[in-house]
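*Asks:* Just dropping this structure here.
The values are calculated or read from the model by the stated rules, or taken from the named source; none is laboratory data. Being a predicted model, the structure only gives us computed values, none of them experimental. Positions of Cβ are generated from backbone atoms using ideal geometry, with glycine treated the same way; all protein chains shown enter the neighbour counts. Quick note on the areas: whole protein, heavy atoms, side chains included, nothing else; ligands and nucleic acids left out. Shrake-Rupley method; radii C 1.70, N 1.55, O 1.52, S 1.80 Å.
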Amino acid sequence: MKEGPDISQIGALIGDPARANMLTALMGGEALTASELAGAAGVTLPTTSAHLAKLEAGGLIAQRKQGRHRYFALADDEAGRLLESIMGYAANRGHLRTRPGPKDPALRKARVCYNHLAGDYGVRLLDRLVADGDVTLDGDEAAVTPAGEMRMAALGIDMPALKAQRRPVCRTCLDWSERRSHLAGSLGEALLARFIATGWAKREKNSRAVRFTGEGEREFMALFP
C-alpha cells in the first residue's frame with residue numbers, strides 16, 4: 001500500500017487544459033463567474049460547471065455567493081503559490097502555450113500574481129528592499145527588518161495590522177517570467193493595493209497586466225531604482 005500525499009489527484013485537476021485555463025484566469029486575484037470562466041476556458045457553461053465542481057472538491061478554488069450570483073476564486077495563497085510555481089517550471093522548460101503577443105511584454109513588465117505584484121517590477125521591488133536592508137532573505141524565507149517596517153509605514157502600510165494576520169507578512173514567490181523571486185505575503189498584497197490606491201498603477205481590464213502611469217512609473221523607480 002502506497003503512503004503519503006497523492007500528487008496524482010492535484011496533477012489531474014490542473015492538467016486538464018480547460019481547468020488550467022480557468023485557474024490561470026483566477027490568478028488575476030479576482031472572483032469570476034462561471035460564464036466568465038467558460039469564456040476563458042473555451043468550453044460550454046455545463047462543462048464549466050462540471051470542471052468547477054471538481055476544482056472546488058479538490059481544494060483549489062472556493063465559491064463565493066453574492067445575492068443570486070455565484071463567483072469563484074482561488075482557495076487561498078497556497079493555491080496561488082502552487083500555480084505560479086508550476087508556471088515557472090513550465091516556462092523554464094519551454095512549455096509555452098502560445099507565441100508571445102502584444103500583451104506579453106506588459107505581463108512580463110508588471111502583472112498580478114494572485115494578489116501581489118509580479119514581473120520585472122515585482123522582482124525589482126524585492127531586490128531593492130533586500131539591497132536597502134528592509135527585507136532579509138534566508139533561502140525561501142523572508143522577513144521585514146525594523147528599518148523596513150519604518151519604510152513601509154512611511155508608504156502608508158499598516159504594519160501592525162499585517163502582523164496581526166495569520167498569513168505570512170513577507171515571503172518570496174518564484175516569478176515565472178523573470179525566473180527569480182518577487183515579493184509576496186500580506187506585505188506584497190498591501191504594496192500592490194497601495195500603488196493602485198495612489199493612482200500610480202491600475203489593473204488592465206480582462207488581463208493580469210498592471211499598467212503604471214507616467215507619474216506612477218517615475219515614483220516607483222525613484223523608490224525602487
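*Asks:* With a 1.4 Å probe and every protein chain left in place, tell me how much accessible area Phe72 has, in Å² to the nearest 10.
*Replies:* Spelled out: Phe72, probe radius 1.4 Å, area about 10 Å².
*Asks:* Net charge near Ala164, counting Lys/Arg +1 and Asp/Glu -1 over other residues with Cβ under 14 Å of its Cβ? It would help to have the intermediate numbers written out before the result.
*Replies:* Numbers: positive: Lys163, Arg166, Arg167; negative: Glu149, Asp158.
Neighbour charge sum, excluding Ala164 itself: +1.
*Asks:* Taking only pairs that are 8 or more places apart or on different chains, how many Lys pairs in region 78-223 have Cα atoms under 24 angstrom apart?
*Replies:* Counting lysine pairs in region 78-223 gives 4.
*Asks:* On to the next question. Just to be sure I understand: with springs between alpha-carbon atoms less than 10 Å apart, which residue in His51, His69, His116 has the highest mean-square fluctuation in the Gaussian network model of the chain?
*Replies:* His69
*Asks:* Output needed for the chain: three equivalent-ellipsoid semi-axes, defined as square roots of 5 times the C-alpha gyration tensor eigenvalues, in descending order, whole Å.
*Replies:* Equivalent ellipsoid of the chain: 30, 20, 18 Å, largest first.
*Asks:* If the elastic network links every pair of Cα atoms under 10 Å, which of Gly59, Gly188, Gly80 fluctuates the most in the Gaussian network model of the chain?
*Replies:* Gly59
*Asks:* Another question about this same structure. Which whole-number percentage describes the relative contact order of the chain, with Cα contacts under 8 Å and a sequence gap of 6 or more?
*Replies:* With pairs under 8 Å counted, the relative contact order is 17 percent.
*Asks:* Would you look at the GNM of the chain, springs on alpha carbons closer than 10 Å, and say which of Lys65, Lys202, Lys109 moves the most?
*Replies:* In this elastic network of the chain, the residue with the biggest mean-square fluctuation among Lys65, Lys202, Lys109 is Lys65.
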